[in-house]
Structure formats: structure tokens, C-alpha cells
Amino acid sequence: MIYLVESFYSIQGEGKLAGVPSLFFRFGGCNLKCPNWGEYFFKGKKVFGCDSVFAVNAKLFKEDWKKIEEPTQLIEIYQDLTKELDFKPAIVLTGGEPLLYWDDEVFYKFVEFLVKEKLLVTIETNGTIQLDFKRFPAYKEVIFSLSVKLSNSGEPYEKRVNKKALATILEHSPYSFFKFTLDKGLIEFRAFEEIMDIIEPFEGVEVFCMPLGDRVEQLRKNDKAVAEFCLIYGFTYSDRLQIRLWNRNRKR
Ligand code: SF4
């Protein structure tokens, strides 16, 4: 059983395909919580987590989660959202952690459909889940945005870094890239060491660094430090265009 939290048409705000018109499918569920990344109030309760907490916390946000039992349900959403477009937008499968469903028949059939349509498909993942490209070859046609979490997420190293899973993805999907979320504190502390520990075995893979923040004011606190960090170490700066343009609006 897979859960879809939302689907919408917008521009990709982060990473290699920033600015590209894209259709987003956000799936519910995550194997991490990233408790240090934000604080939200929902129905009078304080919730800690990332800016996609509504796609992570099944208990509090369950009315947003829709069960998907057939790939045709997702294909129909795709057809509906694209019916007035004269071109094929890029597709982003995000979450939560969409790869929780990597070997689910419904999820995989949808990926196969997208690949057969020759769409540019990105899966945004925390990179901790081991895939099998032999049994599920359609994933070879997908770009993985590997948003591996650093210590500022509040997750322990053993949970947030799986180098074997990263190696498998990068061996089979050559256009995949790393995307790290940094804040001033981590930059002053040990961001470079943490990033190098993760990327060292994977020479030549592009590395994007973006500022932590789920609202414009928070981005502004971190963005210049991240840009300076990129200038020193040769990483590529990624902004979060969706937040600059629409701040905290959902479905953007
Ligand atoms: S891995 Fe991503 S979706 Fe999951 S809790 Fe962390 S930031 Fe949120």
C-alpha cells in the first residue's frame, strides 16, 4: 500500500533542475524524522521535523494521506495535471521518503510508465535505502537527488548515511547528484568534513549545497554563509526557489 500526500504543478526549486517546470508527486512516510529542522504547531500540538513534516508524520496529518491501490490512479493524476500543457514537464517523486515504496508494484509500475513516456524523472531521496537495479531496471532511467542528511538534521550517523545504498544508486544512475542542507552553525563546525566523508568514494558526482530554511527569513540567515562555503570548496550553490517565490505555501 502506498500513500500520496499531494500532487501539484510548479517549478523545481532546488538542485540540478532548479527552475524547470515540474509535476510533483509527494508520497507519505519516511524512515527518518530530522527532528532538529523545524518546529510546527498543528491542532495545538508542537511537532518537530522537516518542512515536509505533513508527509512524514502519519498520525497527525493522516487526513492528507490518500491510499493508492492502482498505478492508474497516479497515471490519471499525471494526465489531469498535464492536459492543458503543450509540453511534457519534468516529474519529481518526493516525500517524505518515496523510496520506502521502491519495490511496491504500484509505485514501480508508475515509474515504468513515466520512463516509457520518456519523461525526465527525478526521485528526491535521503539515500539510505538499498535498491536493486537488476530486478527493477526502470530506475536506471531516473535521476536521484541524493539529499543525504548531515548532523544538523538531528539524526545519528548510522541512520542517515548508507554508503552501500549510495554506491548502488550512483553506479546505475550517472546523472544523480548530492544535495546537502547547511546552516551557519554546521558550516562553522564541521560541514566540510561531514560532506567529504560522504562524497569521497564517489568522485565526479556533482555536489549542491543549499541553505536550511522553510521560510524566507530563515533562508536569509543561512544563504550567504552557504554561498561563501561553496566559493571556498568548489561546490555548487542551490537556492530554494519555491521558498523565495512562494514562502511557505503548500503545493508550491
Ligand atoms: S529525510 Fe527528508 S522527508 Fe524525511 S524527515 Fe528528513 S528531511 Fe523530512
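The values are calculated or read from the model by the stated rules, or taken from the named source; none is laboratory data. What you see is a predicted model, and the numbers here were worked out from it, not measured in a lab. For neighbour counting, all protein chains shown are included, and Cβ atoms are generated from backbone atoms with ideal geometry for every residue, glycine included. Accessible surface is based on the protein model in full, side chains and every heavy atom, while ligands, DNA and RNA are left aside. Shrake-Rupley method; radii C 1.70, N 1.55, O 1.52, S 1.80 Å.
General observations
- Residue check: LYS118 meets all listed conditions (1) closer than 20 Å to MET1 by Cα; (2) open to solvent by 20 Å² or more (accessible area, probe 1.4 Å); (3) away from the ligand (no atom under 16 Å from the Cβ); (4) at pLDDT 95 or above but one, namely (1).
- Restricted to region 84-104, and to residues there that are open to solvent by less than 30 Å² (accessible area, probe 1.4 Å) and assigned to a loop (DSSP other than H, G, I, E, B), the residue that is nearest to VAL148 (Cα to Cα) is GLU97.
- Applying the condition of being away from the ligand (no atom under 15 Å from the Cβ) and part of a loop (DSSP other than H, G, I, E, B) to region 1-39 and asking which residue is least open to solvent (accessible area, probe 1.4 Å) yields GLN12.
- From TYR233, TYR237, residue being under 17 Å from the mean Cα position of the chain (by Cα) and over 23 Å from LEU32 (Cβ atoms): TYR237
- Qualifying residue in region 143-156 (condition: more than 19 Å from CYS34 (Cβ to Cβ) and either open to solvent by less than 40 Å² (accessible area, probe 1.4 Å) or away from the ligand (no atom under 16 Å from the Cβ) (or both)): yes
- Condition check for ALA55: within 12 Å of the ligand (Cβ to nearest atom), touching a residue at least 24 places away in the same chain (Cβ under 8 Å) and open to solvent by less than 40 Å² (accessible area, probe 1.4 Å): yes
Let's see how each residue does on (1) at pLDDT below 95; (2) more than 28 Å from GLN130 (Cβ to Cβ); (3) in contact with a helix residue (DSSP H, G or I) (Cβ under 6 Å, 6 or more places away or on another chain):
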| residue | (1), (2), (3) |
| --- | --- |
| LYS45 | yes, yes, no |
| ASP51 | yes, no, no |
| PHE54 | yes, no, yes |
| PHE61 | yes, no, yes |
| ASP80 | no, yes, no |
| ASP86 | no, yes, no |
| LEU93 | no, no, no |
| GLU97 | no, no, no |
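- Helices (runs of 4 or more DSSP H) contained in region 126-197 and holding at least 2 residues among the β-branched types (Val, Ile, Thr), out of contact with any helix residue (DSSP H, G or I) (no Cβ under 6 Å at 6 or more places or on another chain) and farther than 30 Å from ARG215 by Cβ: 163-172
- Residue in region 74-83 that is more than 18 Å from the chain's Cα centre (by Cα) and outside any helix (DSSP H, G or I) present: yes
- Taken together, SER176, SER147, SER153 contain a single residue that is in contact with an Asp or Glu (Cβ under 8 Å, 6 or more places away or on another chain) and farther than 15 Å from CYS230 by Cα, which is SER147.
- Unique residue being closer than 24 Å to ILE75 by Cβ, part of a helix (DSSP H, G or I), in contact (Cβ under 8 Å) with a residue 40 or more places away in the chain and open to solvent by 30 Å² or more (accessible area, probe 1.4 Å) when the list is PHE107, PHE113: PHE113
- Subset of region 235-249 (residues that are of a type in the set (D, E, K, R) and open to solvent by less than 70 Å² (accessible area, probe 1.4 Å)): ASP239, ARG240
- Restricting attention to region 49-73, the residues that are not in a helix (DSSP H, G or I) and not small (Gly, Ala, Ser) total 13.
- Scanning region 218-234 for residues that are of a type in the set (Asp, Glu) and open to solvent by 100 Å² or more (accessible area, probe 1.4 Å) gives a single hit, GLU228.
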